[in-house]
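Undergrad: Dropping a structure here in structure tokens format, bear with me for questions.
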Amino acid sequence: VLDEQTDIAYYDRNRKTLYEGLIKLGFECIKPQGAFYLFVKTPCEEKTFIEMAKKYNILLVPGTSFACPGYIRIAYCVSYETIVNSLPSFAKLADECFKK
């Protein structure tokens with residue numbers, strides 16, 4: 001495996017699509033530099049935000065699990081289609097969160 005190489009363009013496209021999509025919706029994100037996940041600042045209490053996301057079939061991990069309270073973690077090591085298809089649900093979540 002020492003001579004094997006990984007094409008990271010796949011993950012970079014997912015990272016850019018998710019990050020830019022969430023920023024456009026008004027979320028504050030920490031742009032990842034090399035991981036397969038990103039941290040998003042929660043606009044309300046972390047657990048409340050996670051419960052709200054479940055209504056839109058969005059699975060999030062609390063930032064407190066990673067010593068990052070007030071944030072949630074989203075993995076983007078999924079298919080590109082999953083990222084693209086999730087953005088309308090994130091838009092609904094943003095509408096609900098930012099109206100409060």
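Undergrad: In the range 42-65, how many residues are exposed (fewer than 13 other Cβ atoms within 10 Å of the Cβ) and either touching an Asp or Glu at 6+ places or on another chain (Cβ under 9 Å) or among the basic types (Lys, Arg) (or both)?
TA: Selection size over the range 42-65: 3.
Undergrad: Okay, next question. Here is a list of conditions, (1) within 13 Å of the chain's Cα centre (by Cα); (2) at pLDDT 95 or above, and Glu81 meets all of them except one; can you say which number that is?
TA: Failing condition for Glu81: (1).
The values are calculated or read from the model by the stated rules, or taken from the named source; none is laboratory data. From a predicted model like this one, the values you see are computed outputs, not experimental measurements. Neighbour counts run over all protein chains shown; Cβ positions are idealised from the backbone, glycine included.
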